[in-house]
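Encoded as structure tokens, the structure appears first; notes follow it.
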Amino acid sequence: MVLLALNSGIGFANRICHEINRMIRTDGSPYNFTLTPCTETTFANGERKVVIEESVRGKDVFIIQLMDDPHGKSSVNDNLMSLACAGQAAYYSDAARITAVIPQFPYSRQDKKKGREPITAKIVGMLLESTRFNKVITLDIHSEAIEGFFNRTQMENLHAGRALIRWMAKHVDATNLMVVAPDVGSAKRGLFFAKALGKELAIIEKSRDYSRASTIARMTLVGNVEGKDIFINDDMCATGGTLINACKLLKDKGARDIYISVSLPFFSNNSAGLFDQAFEQGLFKKFIGTDAVFWGKDFIAEHPWYDELSMAPLFAKVIHHMNLGKSVSRLLT
């Protein structure tokens, strides 16, 4: 097995490596697993090139990349191009199998067309397939329909749900808890949490104003949350408008403590500042994100409302099982 990390993915890759070494030592293997070196070059005009520095002939290659890196200077498009270059480099180096490990699937919100526009998530799938990736591992993809955009490449869509439930069990008294889906599209995830926690589910129905970006025209609550503590889960947080407005609505309806959980906390356009204000106003008690979008200790210290769960153990288990030919189905839920 070979793990390659591109520049934006190296932090997550190191955490995966650490977890794989824990499993290897448990299996009795005598060596420590390390990342295989590769060089990612950016030319003066912005073009990318990736060179794998050691032989990967006949190897099971996993290429780790974060598309949206808060601490990096590269754009999503830059990181996607580097991933494509790395995949083809591994293919031309005669790797036996090539897997893209991308917790954030880019353009996943562009999974259908409403007019004269592309289905950009399909373009990403075509790019990854054409650069010879056999598999793609991602986390809580925004639209499961994207799995059907591949012809030969297989997708493994992991979920942060179990880790979030363990966090809730450890930190929250669930006696008076209720699960709320922040929109109709997240109702399926909400039902998963409601069943797992043994709680009721309420749903917020929202209408967007598509004449303006990231603008919500109306929100309606289906369910009674008066006097309840609330657990909200969403797959991603970009500008934060949906979640903050959901908290306002729930508070207006009599909810008590509100806990927000998100698999991909992007916090675009400095939206963390909006959550600072919402926290000071008492709109929510805690926001739990994952290191699929890594913010780190300094961010947590600056924003006391935030807590970060690592998805590295889950990804490490899936990679380890895939490499050994073991079943991964129980790890996907």
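The values are calculated or read from the model by the stated rules, or taken from the named source; none is laboratory data. In this text, all values refer to a predicted model and were calculated from it rather than measured experimentally. Note that we place each Cβ from the backbone using ideal geometry, even for glycine, and neighbour counts take in every protein chain shown.
The single condition among (1) buried (at least 19 other Cβ atoms within 10 Å of the Cβ); (2) modelled with pLDDT under 95; (3) part of a loop (DSSP other than H, G, I, E, B) that S211 does not meet is (1). Of all residues in segment 249-301, those satisfying the criterion of being part of a loop (DSSP other than H, G, I, E, B), in contact with a Ser or Thr (Cβ under 7 Å, 6 or more places away or on another chain) and under 20 Å from A13 (Cβ atoms) are D291, A292. Which one of these is polar (S, T, N, Q) and more than 17 Å from the chain's Cα centre (by Cα): Q88, Q110? Answer to the check: Q88.
The set of residues from segment 101-135 being touching a helix residue (DSSP H, G or I) at 6+ places or on another chain (Cβ under 6 Å) and in a strand (DSSP E or B) is empty. So which residues in segment 62-98 are assigned to a strand (DSSP E or B) and out of contact with any Gly (no Cβ under 9 Å at 6 or more places or on another chain)? Once the filter is applied, which keeps residues that are assigned to a strand (DSSP E or B) and out of contact with any Gly (no Cβ under 9 Å at 6 or more places or on another chain), segment 62-98 yields F62, R97.
Within segment 246-289, the residues that satisfy the criterion of being surrounded by fewer than 24 Cβ atoms within 10 Å (Cβ to Cβ), closer than 26 Å to I102 by Cβ and hydroxyl-bearing (S, T, Y) are S268, S271. When segment 146-174 is limited to residues that are without any contact (Cβ under 8 Å) to a residue 60 or more places away in the chain, among the polar types (S, T, N, Q) and in contact with a helix residue (DSSP H, G or I) (Cβ under 8 Å, 6 or more places away or on another chain), the one that is surrounded by the fewest Cβ atoms within 10 Å (Cβ to Cβ) turns out to be N151.
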